[in-house]
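Asker: I have a structure I would like to understand better, so I am pasting it below and will then ask my questions one at a time.
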Amino acid sequence: MPILCVQGIQGSVGNSTVVANVARLLQELNQDVLVFDLNPNNLLRLHFNMDWQNPVGWASHITHKKPWYQAAFKCEQGVQFIPFGTLDYTEYEHLIHEVIYENWLSQQLENLNFPASKWIILNTSNELNTLSVQALNACNMIIRVCTPDLSCLSQLVNSIQSNYINSRPELSDKAFFLINKLSAVSQLENDLSLVFKNLMQKKLIPVNVHDDENIKEAFAFKSTVSLYASKSAATKELRSLAIWLLTQFNVQSS
Amino acid sequence: MEYENNDVKALCKNSNIDPINYKEIKESETITKIKKKWPLLDQILLINNQPFIQRTK
Amino acid sequence: MRDSIYFNESNDSYVEQVVNSILVNSNLIENWLSFKNDILSDKSTRISTFIASLIYLITFLLLTEENRLRVPYILKHYYPHINFDTVNGWDILRFFLQSIWLITVRTSIVKKTIDDNIALTVRILAFIKAALYSPFKKTTHFIRLKTDQFDKSHSINEDNYQNDFHPFAYVLLIIFIASISVTIPFTIYAQAIFSFLLWIVAVLAYPIVGQISRLVLITLSLTISSRYLWWRYSETINIDSSIDTFFGIVLIFAETYTWIILFLGFFQSVWPLERKPKTLPENTNQWPSVDIFIPTYNEALDIVKITTLAAINIDWPKEKLHIYILDDGNRPQFKEFCEQVNVGYLTRSDNIGAKAGNINQALTVTNGEYVTIFDCDHIPVRSFLQVTMGSFLAEKKLALLQTPHHFYSPDPFERNLNTFKKTPNENSLFYGVVQAGNDLWNAAFFCGSCAVLKRAPLLEVGGIAVETVTEDAHTALNLHRKGYHSAYLNIIQASGHATESLSAHIGQRIRWARGMAQVFRIDNPLLGPGLSLSQRLCYLNAMLHFFGGVPRLIFLLAPLGFLVFHSFSIYASGIEILLYALPAIIHSSITSAYMQGRYRHSFWAEIYETVLAWYIAYPTTVALFNPKIGSFNVTAKGGLIKDSFFDLTISKPYLFLIGLNLVGIGFAIFRYIYGPTHEDLTVSINLVWTLYNLIVLGGAISVAQESRQVRSEHRIEINTEVLLRKESGHLLTALMIDFSNSGLGLKFDSTAFTILKNEKLHVIIPRGDREFIFPIRAININNNSLSVVFDNLNLNQQLELVKCTYSRSDAWCSWDNYYNIDKPLSSLISILAVGFHGYVILAKKLPKPILKPFLIALHSKSFIQSLLPVNIVSHQY
């Protein structure tokens, strides 16, 4: 069962966008996909046309003593997603410290008893907490999303998250980097993307996702880019990313 | 540093010769130039370059 | 899923199926409309519509819906010469002929694409075809196995070949055997049987790839043509009358020349060396330092700029690579440009010695261990030095390494005859076969550009030779005389702009011819120290080749000796001439076709050489007697032929020759009717010869019709995925299909995005791990095609553009693939067409009343041609 953990090097690198779009494109390649939003910002659901006001999510279900897996939805196009839900501060603290015991995530995933062909994509917050650490350990591949700028490079080379992953070979071995939101017109970003390639070498996913207005507009339409603008460069790049994932897990697209 | 030398590979394949051990020199020079251009970049890479590469390899 | 019923899925009987489908399938009419739209436009005639409806009904009864939908496309694809909108009776004939041709000749295409039932017929036909050939196949297969073993154990490359040619040991023996088979007099019947047997062997050997058949074919061809020459000398010279003697000697001179060229040519490319690049040391510190010279005199900065930027992009350690522009024009804007891009700018106070002098001057002020020379319009790829330099480190005596000259634009022959990328050009034989053949004998020549020279040996011979106007070949000769080695690497690592006009092209060849004649006089390769016999022969061939003008003119006029003057220049009966000459001609064509492979197609050389013959005949003869006469002229490049025109000045000599040959035809008819009957065969032979001459001369006329050039900058094909960025920030994918210095041709999906004329965009071109962005402006949008121009690129962007385009090391390597293996017969047909076209051009220049019958003849010819089957692109539907 391919379990991906998608985590930004820092905030606002377009983490949820990548997760939603890749899930959608994998599903277009006839894969069975479930996305699991572990990020308290609860944005992922919006890509799948869920009502902004709707507070439902796995975390809120747990808080309200309901089975968390009942918060699963299926979007029109067939991607299954589990939103995080709306919590207040105390509820969140309670969830993190009281409810989520050690290996909670891997046990829950095991209990779900999915077929081996099922893709699970964990949308993970960039901050290290119980949830994100469990996600990093439970998955078979980490995708670390970065934007080609110096703050990202700085975080990449030295931050709590990077040091945590880099000091654990079992994590750093399965970690790959994705350059997102590469602005073609910026000289600095072009220079930095070369530096990133130089640093990451084979660990860099060989697909650049450019900063395409279509992605932002697709989100404004509460949709994914392959639906909103199927011929755009963004769709093509994200599809290449999905195909790269298939090859990494040796899955034949049918 | 390793670069994609797809064009050289294609050349060798098309000309029916064994792959040559091609060295990408211009791009390596570009990296040096880029580092000089942006001081913060130079600083970050100066300190952490080596261990980072070892870790990620 | 469509609502129709698929026949193969139903268990009903066939009739029931049909009836059912008509009843059930309510889409019958709708399908017909879509079928009609696919096959006809709205301008179709009633008859066409009727025939289309018949076809539709037939397909409806016989094919599944899926296949039925493909029928219009299949029809249009396989019958491209039929306009379905205006079908007439002749089209039925066309359809019939094309079908037969498709099923019998183009079986391979049809087999892949047409329905199973038809494919079965095809397979049966293919089986019959194979059965007819199989007796030969078995034999050739056996021989192939044997020769493969030989080739494997005897493959020659630069590592294992031994360049010691022991003439006396072998040659004496060979001469002994050969002289017997050449000199023994035969009766006519014996000669006929002998030629036939040799021909059988040649036909058997021809399909086998390998060194053995090459040697067999060469031996056969040499034997039979030597027999011919021996026979000519020993039996056919008529010294009874002075006019016969005169014509006889003139003709036998030309024939002897041809025999020598044939012999030397076979010797030269008997075993082409397939040299491979050598690996450079891992440590770049051990790589030698290289100077790149780009000599220029009056070429525009735009041309030199691209070459310079490409030279800057060459992957070689910065501190070991120095680029110099050698400007004999002393132009300030060149100096400014050199300072901007940080390359050396060298000038001198005089222009003595033209390009050679320019380089020699530069040699005095530079100091790299190696010197690379690029003509200012030869753009190198980035791997140029890493591919070439290893050979020097592996072979200490190596002083010169030449790579092919390649042109991305059509030369005048290719442009005016429309053979660009279809038929190999004049160059490709030299760089594909001759130079590789020379390399075996350590006699690869220097060709002035795209070559690396080692400085120390070059200085030892006094730099580039200045005594002659072909400084390149002469310099190589000097190096060889000092015992240095040369090499030829047949990998295209630079590309240039071909000469634009026929007159410029001829001008360049005149210079080469004159220069070679000068070297022949001043520094004859047969004499003087330092050369091996094989090197002498290779140089001799290169030089004699340019003396071909006079013999060629003799052949063009020879039949007139008999037809007009009734002189028996070959004193023999017609049947004897046929039995001796024809086998010689056939064998030399078979062997040449075999050796030249895909680098030259048979008979095209006739046109190249005929066009040049008149122009090189005079200068070579003059230079032979007085090598000092003659000045250096620079070839103008990059000019634009705005309107197509007929170059009358250039073609005058050919019009004259055509006139003479037409007179010859008149005489032939006269002699056939009124002459004695026993001369009929001789008359016919001379008539055929004259007709052949007329065809070739017609080809020369075709070349002189300069066709218009659409653009000043040639667009070079490429196939790369790029991104387009609109000002709004939207990105879309596109396909870059061609590029030039000023713009790009792109394909994009116009249904998903609109791009307006003059809209400003950015194009993002990837190269390896990097991508480069360039500002562009849309100038022409036509459906999915988009033409853009670059919007004021700065110098750095221009450098990056060159990096993404010209500098890619595989930029030119697939060009050989355009050319197919030579098929002598189809070559002959294309030569016929080209020759005929020449007369069409001439006919159009005639006054109207005379023109009219010609036009009628022309129309009838094109009508008949329209009935013939046409070739189709093998593309699957």
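Asker: Being at pLDDT below 85 and either in a strand (DSSP E or B) or out of contact with any helix residue (DSSP H, G or I) (no Cβ under 9 Å at 6 or more places or on another chain) (or both) is the requirement here; does C:VAL710 meet it?
Answerer: yes
Asker: Are any residues in segment C:484-533 farther than 30 Å from C:ILE701 by Cβ, away from every other protein chain (no Cβ under 14 Å) and crowded, with 21+ Cβ neighbours inside 10 Å, and if so, which ones?
Answerer: If the condition is that a residue be farther than 30 Å from C:ILE701 by Cβ, away from every other protein chain (no Cβ under 14 Å) and crowded, with 21+ Cβ neighbours inside 10 Å, then C:TYR484, C:HIS485, C:SER486, C:ALA487, C:GLN518, C:VAL519, C:PHE520, C:PRO525 are the ones that fit.
Asker: Separate question: Being among the β-branched types (Val, Ile, Thr) and part of a helix (DSSP H, G or I): is that true of C:ILE575 here?
Answerer: For C:ILE575, the condition - among the β-branched types (Val, Ile, Thr) and part of a helix (DSSP H, G or I) - is met.
Asker: Just to check your reading of the model, which residue among C:ASN427, C:ASN416, C:ASN438 is over 30 Å from C:TYR324 (Cβ atoms), touching a residue at least 12 places away in the same chain (Cβ under 8 Å) and not hydroxyl-bearing (Ser, Thr, Tyr)? Write out each step before concluding.
Answerer: On the way: C:ASN427 fails: over 30 Å from C:TYR324 (Cβ atoms); C:ASN438 fails: over 30 Å from C:TYR324 (Cβ atoms).
After ruling out the rest, the residue left standing is C:ASN416.
Asker: Sort through C:GLY743, C:GLY729 and tell me the only one that's modelled with pLDDT of 90 or more and touching a strand residue (DSSP E or B) at 6+ places or on another chain (Cβ under 6 Å).
Answerer: Answer to the selection: C:GLY743.
Asker: Taking segment C:770-798 on its own, how many of its residues are out of contact with any strand residue (DSSP E or B) (no Cβ under 9 Å at 6 or more places or on another chain) and at negative phi? Can you show your working first?
Answerer: In the first step, residues of segment C:770-798 are kept if they are out of contact with any strand residue (DSSP E or B) (no Cβ under 9 Å at 6 or more places or on another chain); the result is C:770, C:782-783, C:794-796.
Narrowing the set further to residues that are at negative phi leaves C:770, C:782, C:794-796.
Final tally of qualifying residues: 5.
Conditions tested, residue by residue: (1) of a type outside the set (A, V, I, L, M, F, W, C); (2) under 24 Å from B:LYS13 (Cα atoms); (3) buried (at least 24 other Cβ atoms within 10 Å of the Cβ).
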site	(1), (2), (3)
C:HIS322	yes, no, no
C:GLU339	yes, no, no
C:ASN342	yes, no, no
C:ALA354	no, no, no
C:LEU363	no, no, no
C:VAL381	no, yes, yes
C:VAL387	no, yes, yes
C:LYS397	yes, no, no
C:TYR408	yes, yes, no
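Asker: Please go through segment C:780-796 and pick out each residue that is more than 11 Å from every other protein chain (Cβ to nearest Cβ) and closer than 24 Å to C:GLU336 by Cβ. Can you show your working first?
Answerer: If we filter segment C:780-796 for residues that are more than 11 Å from every other protein chain (Cβ to nearest Cβ), which is where we start, we get C:780-795.
Selection gives C:PHE790, C:ASP791, C:ASN792, C:LEU793, C:ASN794, C:LEU795.
Asker: Scanning for something in contact (Cβ under 8 Å) with a residue 12 or more places away in the chain, away from chain C (no Cβ under 11 Å), surrounded by fewer than 19 Cβ atoms within 10 Å (Cβ to Cβ) and among the charged types (D, E, K, R), does segment A:158-168 turn up at least one residue?
Answerer: Scanning segment A:158-168, I find no residue that is in contact (Cβ under 8 Å) with a residue 12 or more places away in the chain, away from chain C (no Cβ under 11 Å), surrounded by fewer than 19 Cβ atoms within 10 Å (Cβ to Cβ) and among the charged types (D, E, K, R), so the answer is no.
Asker: Hand me the list of helices (runs of 4 or more DSSP H) wholly inside segment A:174-244 holding 1 or more residues that are within 10 Å of another protein chain (Cβ to nearest Cβ).
Answerer: The helices (runs of 4 or more DSSP H) meeting that bar are A:187-200, A:213-220.
Asker: Would you call C:THR805 among the β-branched types (Val, Ile, Thr) and within 14 Å of chain A (Cβ to nearest Cβ)?
Answerer: no
Asker: Count, please, the residues in segment A:1-37 that happen to be crowded, with 23+ Cβ neighbours inside 10 Å and either among the aromatic types (Phe, Trp, Tyr) or farther than 23 Å from A:ASN208 by Cα (or both).
Answerer: Total satisfying the criteria: 2.
Asker: Determine if segment C:225-233 includes at least one residue that is in a helix (DSSP H, G or I), without any contact (Cβ under 8 Å) to a residue 24 or more places away in the chain and over 17 Å from C:TYR594 (Cα atoms).
Answerer: Yes, some residue in segment C:225-233 is in a helix (DSSP H, G or I), without any contact (Cβ under 8 Å) to a residue 24 or more places away in the chain and over 17 Å from C:TYR594 (Cα atoms).
Asker: When you check C:GLY265 against the structure, is it farther than 19 Å from C:HIS587 by Cα, small (Gly, Ala, Ser) and buried (at least 21 other Cβ atoms within 10 Å of the Cβ), yes or no?
Answerer: The answer is no for C:GLY265.
Asker: Within segment C:643-658, how many residues are assigned to a helix (DSSP H, G or I) and either touching a Lys or Arg at 6+ places or on another chain (Cβ under 6 Å) or over 26 Å from C:ALA581 (Cβ atoms) (or both)?
Answerer: Number satisfying all stated conditions: 8.
Asker: Determine whether segment A:209-221 contains at least one residue that is touching a helix residue (DSSP H, G or I) at 6+ places or on another chain (Cβ under 6 Å) and either at pLDDT below 90 or surrounded by fewer than 19 Cβ atoms within 10 Å (Cβ to Cβ) (or both).
Answerer: yes
Asker: Here is a further query. Find all pairs meeting these conditions: Cβ atoms under 6 angstrom apart; at least six residues apart or on different chains; first residue within segment C:307-319 and within 11 Å of chain B (Cβ to nearest Cβ); second residue surrounded by 20 or more Cβ atoms within 10 Å (Cβ to Cβ) and hydroxyl-bearing (Ser, Thr, Tyr).
Answerer: Listed by first residue and then by second, the contacts come to C:ASN313/C:SER807.
Asker: Something else now. Which condition number does A:PHE73 fail, the rest of (1) aromatic (Phe, Trp, Tyr); (2) under 23 Å from A:PRO2 (Cβ atoms); (3) loosely packed, with under 15 Cβ neighbours inside 10 Å being met?
Answerer: (3)
Asker: Also, quick follow-up: Do the conditions hold for C:LYS803, that is, is it modelled with pLDDT of 70 or more, surrounded by fewer than 19 Cβ atoms within 10 Å (Cβ to Cβ) and among the charged types (D, E, K, R)? It would help to see each step written out before you state the result.
Answerer: On the way: modelled with pLDDT of 70 or more: yes; surrounded by fewer than 19 Cβ atoms within 10 Å (Cβ to Cβ): no; among the charged types (D, E, K, R): yes.
No: the conditions fail for C:LYS803.
Asker: Just checking, does segment C:272-287 include any residue being assigned to a loop (DSSP other than H, G, I, E, B), more than 14 Å from chain B (Cβ to nearest Cβ), touching a residue at least 40 places away in the same chain (Cβ under 8 Å) and surrounded by fewer than 17 Cβ atoms within 10 Å (Cβ to Cβ)?
Answerer: no
Asker: So which residues in segment C:683-725 are within 14 Å of another protein chain (Cβ to nearest Cβ), under 25 Å from the mean Cα position of the chain (by Cα) and touching a residue at least 24 places away in the same chain (Cβ under 8 Å), if there are any at all?
Answerer: Correct list: C:ILE718 only.
Asker: Let me ask something else. Restricting to segment C:569-600, what's the tally of residues that are over 17 Å from C:LEU251 (Cβ atoms) and of a type outside the set (S, T, N, Q)?
Answerer: So the answer is 13.
Asker: Before we move on, is A:GLN77 in contact with a helix residue (DSSP H, G or I) (Cβ under 7 Å, 6 or more places away or on another chain) and either in a loop (DSSP other than H, G, I, E, B) or at pLDDT 95 or above (or both)?
Answerer: yes
Okay, residues lined up against (1) under 13 Å from C:THR296 (Cα atoms); (2) within 14 Å of chain B (Cβ to nearest Cβ); (3) of a type outside the set (Gly, Ala, Ser):
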residue	(1), (2), (3)
C:ILE323	no, yes, yes
C:ASN330	yes, no, yes
C:PHE334	yes, no, yes
C:LEU346	yes, no, yes
C:VAL365	no, no, yes
C:VAL371	no, no, yes
C:PRO380	no, yes, yes
C:GLN386	no, yes, yes
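Asker: Considering segment C:739-772 alone, what residues qualify as being surrounded by fewer than 20 Cβ atoms within 10 Å (Cβ to Cβ), at the interface with chain A (Cβ under 10 Å from one of its Cβ atoms) and closer than 11 Å to C:PHE790 by Cα?
Answerer: C:HIS762
Asker: Just one of the numbered conditions (1) away from chain B (no Cβ under 14 Å); (2) in a helix (DSSP H, G or I) is not true of C:GLY432; which one?
Answerer: With respect to (1) away from chain B (no Cβ under 14 Å); (2) in a helix (DSSP H, G or I), C:GLY432 is out only on (1).
Asker: Tell me, yes or no, whether segment C:818-831 has at least one residue that is crowded, with 16+ Cβ neighbours inside 10 Å, in a helix (DSSP H, G or I), modelled with pLDDT under 70 and out of contact with any helix residue (DSSP H, G or I) (no Cβ under 8 Å at 6 or more places or on another chain).
Answerer: Within segment C:818-831, none of the residues are crowded, with 16+ Cβ neighbours inside 10 Å, in a helix (DSSP H, G or I), modelled with pLDDT under 70 and out of contact with any helix residue (DSSP H, G or I) (no Cβ under 8 Å at 6 or more places or on another chain).
The values are calculated or read from the model by the stated rules, or taken from the named source; none is laboratory data. Model, not experiment: these values are computed from the prediction. Virtual Cβ from ideal backbone geometry, glycine too; neighbours counted across all protein chains shown.
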